[in-house]
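Below is one structure. I have some questions about it.
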Amino acid sequence: MNRIIIALLATLAFATQAQAGIDESINAFTAPIAQFVGTVVFFKISVAGAQLPLVVLWLVIGAVFFTIYMGFINLRGFKHAIELVRGDYADPNNSGEVSHFQALATAVSGTVGIGNIGGVAIAVTIGGAGATFWLIVAGFLGMSTKFVECTLGVKYRTENPDGSVSGGPMYYLRKGFEERGMPGFGKFMGTFYAVGIFIGALGIGNMFQSNQAYVQLNTVAGGALDGYGWLVGLILAGVVFAVIIGGIKSIARVTEKVVPFMAIFYCFFAIIVILLNFSSLPMAVSNIFTGAFTGEGVAGGALGALIIGFQRAVFSNEAGIGSASIAHAAVRTKEPVTEGYVSLLEPFIDTIVICTITALVIGTSQVADPNFAGDATGVAMTSAAFERHMSWFPVPLAFAALLFAFSTMISWSYYGLKGWTYLFGEGQMGQTVYKVIFCAFVALGCIVQLGPILDISDALVFLICVPNILGLYFLAPIVRAEMEAYKAKLETGEIRKFA
Amino acid sequence: MSENVILLAIDGSSGAERALAHTRRRAELGGAKVVVAYVIEWSPYSFNTPEENAERHSRRESEIAKAHDSVIGPALSYLTDGGIVVDSIVRHGNPTETLIAVAKETSAAQIVIGRRGQSGLKSLIFGSVAGNLIQTAPVPVMVVP
């Protein structure tokens, strides 16, 4: 451990001399790597003038298939999901175990991150107002994908000798294919996913988060932190270090408790801004609908808007990535499907509620003043939209962004760790190595620019969708059978409300 | 109410000790069965880290085991020494709500609980289980000072 600290101090000393030079040189180094990874993963085909990345197509087809195959579970299971979260079906004899509410809250604080504030702004900048429409559609379809993956996550989890549980796509891919008589393929898929989530955890759940938190801090500081990304990065990395390696759980606990309130706070003020822009609301809403089908001013037209909407939705709600099923696997339930139902609510809360609210804040501001944000994009753009009415808002927004980023990083450090332990076993030494790597990337995220970060994050995350969704197709019949059996039990009253 | 059941709520405090002694005297006189309950404070609506969730099951097991060993066990042997028929329940949840649920399940004729004797600010913020029980329990509540 001492060596790490010495290394950090050395970097710090060196960096202080080099000042802004560090940020630049790291940027120059990472940009081509990011571009390469991006090109490989986002292999594009030209459809009617729009560039369609195959991986986005892969996700859309998956989500549509699961929605139909599960009989529109995203609509028909919604009420039951709320009853489950409320605890209507909770057996008092099992009290003290992880509740449905807790599993949902944990998974949601992992997904509600900077994507909900900054990602939407990026979608609107590139894809126009119409991207919002497709973002919502993607959120709706993503509910079905989540249902399938979270049910499987609970069904095929593994109990460790110490009584803790490990679950997620790597486990259901391996065991599920084994059950279907393809043990070799299952092993390969499990490993593929584990490698993917481990690397992906460094992007979407790490660099992108710390980068945008730094950007917002810098905006609030009036650019005073320009060139000091490395410093902010080191501090952030230090706090993450303290939590995941130092075992200072109190920080994580406090964050977990504060984040839901920050989310409510954010939505509350966002709705106020929308109300203050009320005269622009009809126009903003109509822009969303017309833009969705005409794609005016967007590269690739309507299809371009659709692609961007879908891409950002998945980036935000993580449906198809399989990460949430790792979090949900902790719930002990006789009926794995119940976790599927509960997880339906995640894309709903994350994308259909929070992202839409952000999109409307930006949309109504754009109608009122097309150039309200100048050149700003990402979090800075959302911040500018709030600032038009509440000059003080960027400060709490920076705080919220920091907390969102932090809680997402903590959750993802766990997801990545599960991938790592799947590959390398539960050894303490290995886990520490992983955690140090994770912290290093937190710092790196603040140093490099948004463009390359976004490319590399997107690329890495979408890479894991390939094995995950392929597995979901194969295992969907199992989920459907579970769902039918569960529904039958509900009907006969074998499973009934306790309250 | 076929049998005379006393629900004794204990938490390992000195008030609970006094409630235990009182319950034994009562039960000996009236020939009552005593159900000893220990509620581990817990809420299904808290926010946890993924790691806490993953460890929750083993944590719960050890919490229950600890309650049996250090609180329930001694109380039960103290009562059985007096020739009293006993039963015990350890459950997670909101203490007041859980005790009421247990009272209903066991058809208890009354609930006996010790008083912590906390006053002022502390009870204002955290409330008092005995106080809440008096307000909401469906059966008579005896608070032992």
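My understanding is that a pair violates if its Cα-Cα distance is over 24 Å; which of A:K334/A:K497; A:K249/A:K435; A:K155/A:K487; A:K175/A:K249; A:K257/A:K334; A:K79/A:K155 do that in this structure? Mind dumping the intermediate values first?
Working: A:K334/A:K497 15 Å; A:K249/A:K435 15 Å; A:K155/A:K487 17 Å; A:K175/A:K249 32 Å; A:K257/A:K334 28 Å; A:K79/A:K155 22 Å.
Correct reply: A:K175/A:K249; A:K257/A:K334.
When DSSP assigns beta bridges and you keep just the ones with both residues in the protein assembly as shown, what percent turn out antiparallel, to the nearest 5?
Values: 6 of 28 bridges.
Within the protein assembly as shown, antiparallel bridges account for around 20 percent of the total.
Right, something else. Average the reciprocal distances over every distinct pair of alpha-carbons in segment A:118-249, invert the result, and give the Kirkwood radius in Å.
On the way: mean 1/r = 0.0541 Å⁻¹.
Taking the inverse mean of 1/r over all distinct Cα pairs, segment A:118-249 comes out at 18.5 Å.
On alpha-carbon atoms, Rg over Rh for segment A:374-461 using Kirkwood Rh? Please list the in-between numbers first.
Details: Rg = 16.8 Å, Rh = 15.4 Å.
The Rg/Rh ratio comes out at 1.09.
So which helices of chain A fit the span-like rule, where a helix is a whole DSSP H run, its Cα atoms reach 30 Å or more along the axis, and its mean Kyte-Doolittle is at least -1.0? If you can, show how the numbers build up before the last one.
Details: long enough: A:20-41 (32 Å, 0.92); A:130-155 (38 Å, 1.08); A:249-276 (40 Å, 1.70); A:394-424 (43 Å, 0.99); A:450-492 (55 Å, 0.97).
Helices passing the filter in chain A: A:20-41, A:130-155, A:249-276, A:394-424, A:450-492.
In debye, nearest 20: dipole of the protein assembly as shown around its Cα centre with unit charges on the Cβ of K, R (+) and D, E (-)?
Computed about the Cα centre, the dipole is about 820 debye.
Given the DSSP H assignment, sum -39500 (n - 2.57) over each helix run of at least 4 residues in chain B and divide by its residue total; what's the result at 222 nm in deg cm²/dmol, nearest 500? Display every interim value, and only then the final one.
Numbers: 6 runs with 69 residues, N = 145.
After summing the helix terms and dividing by residue count, I get -14500 deg cm²/dmol.
Turning to a different aspect of this structure: Over chain A, what is the mean sequence separation of C-alpha contacts under 8 Å (at least six apart), divided by residue count, expressed as relative contact order in percent? List each step's numbers first, then the result.
Working: 839 pairs, mean separation 171.7, N = 499.
After rounding, I find 34 percent.
How big is the gap, in Å, between the Cα center of segment A:393-414 and the Cα center of segment B:44-72?
With segment A:393-414 and segment B:44-72 each reduced to a Cα centre, they are spaced 28 Å.
I'd like the distance between the alpha-carbon centres of segment A:423-490 and segment B:5-19, rounded to an integer number of Å.
If you average the Cα positions of each part, the centres end up 49 Å apart.
For a bin width of 5 Å, list the pair-distance distribution of segment B:5-140 built from all Cα-Cα distances, rounded to whole %.
2, 10, 19, 22, 20, 14, 8, 4, 1, 0, 0
Then there is this: If the viscosity is 1.306 mPa s and the temperature 10 °C, what Stokes-Einstein diffusion coefficient in µm²/s follows for segment A:53-492 when Rh is the Kirkwood radius over Cα pairs?
In µm²/s, the coefficient rounds to 73.
In addition: Please report the spacing between the Cα centers of segment A:315-374 and segment A:109-154 in Å, no decimals.
About 5 Å separates the Cα centre of segment A:315-374 from the one of segment A:109-154.
How compact is segment A:261-344 by the rule of thumb for globular proteins, expressed as Cα Rg over 2.2 N^0.38 Å? Kindly include the intermediate steps, with their values, before the conclusion.
Details: Rg = 18.3 Å, N = 84, 2.2 N^0.38 = 11.8 Å.
That ratio works out to 1.55.
Per residue of A:102-109, count partner chain C-beta atoms within 10 Å of its C-beta, then hand back the mean as an integer.
Working: counts 9, 4, 0, 5, 8, 2, 1, 4.
Mean inter-chain Cβ contacts per residue within 10 Å come to 4.
Report, ordered by chain and residue number, the aspartates and glutamates lying within cross-link reach of B:K33, taken as a straight Cα distance under 17 Å and ignoring same-chain residues fewer than 8 apart.
The qualifying aspartates and glutamates are B:E3, B:D81, B:D87, B:E105.
Within straight cross-link reach of A:K44, meaning Cα distance under 26 Å, which lysines are found once same-chain residues fewer than 8 apart are removed?
A:K146
Divide by every residue of chain A the summed helix terms, -39500 (n - 2.57) for each DSSP H run of at least 4, and state the resulting mean residue ellipticity at 222 nm, rounded to the nearest 500 deg cm²/dmol. Can you show the working numbers first?
Numbers: 22 runs with 362 residues, N = 499.
It comes out at -24000 deg cm²/dmol, rounded to the nearest 500.
Turning to a different aspect of this structure: Among the aspartates and glutamates, select those whose C-alpha is under 15 Å from the C-alpha of B:K66, and discard any that sit fewer than 8 residues away in the same chain.
Candidates past the 8-residue exclusion: B:D11, B:E41.
Every read-out reported here was derived from the displayed coordinates using simple, explicitly stated rules and does not represent laboratory data. Because the structure is predicted, anything quoted here is derived from the model rather than measured. Ideal geometry is used to build each Cβ from the backbone, glycine not excepted, and the neighbour counts take in all protein chains shown.
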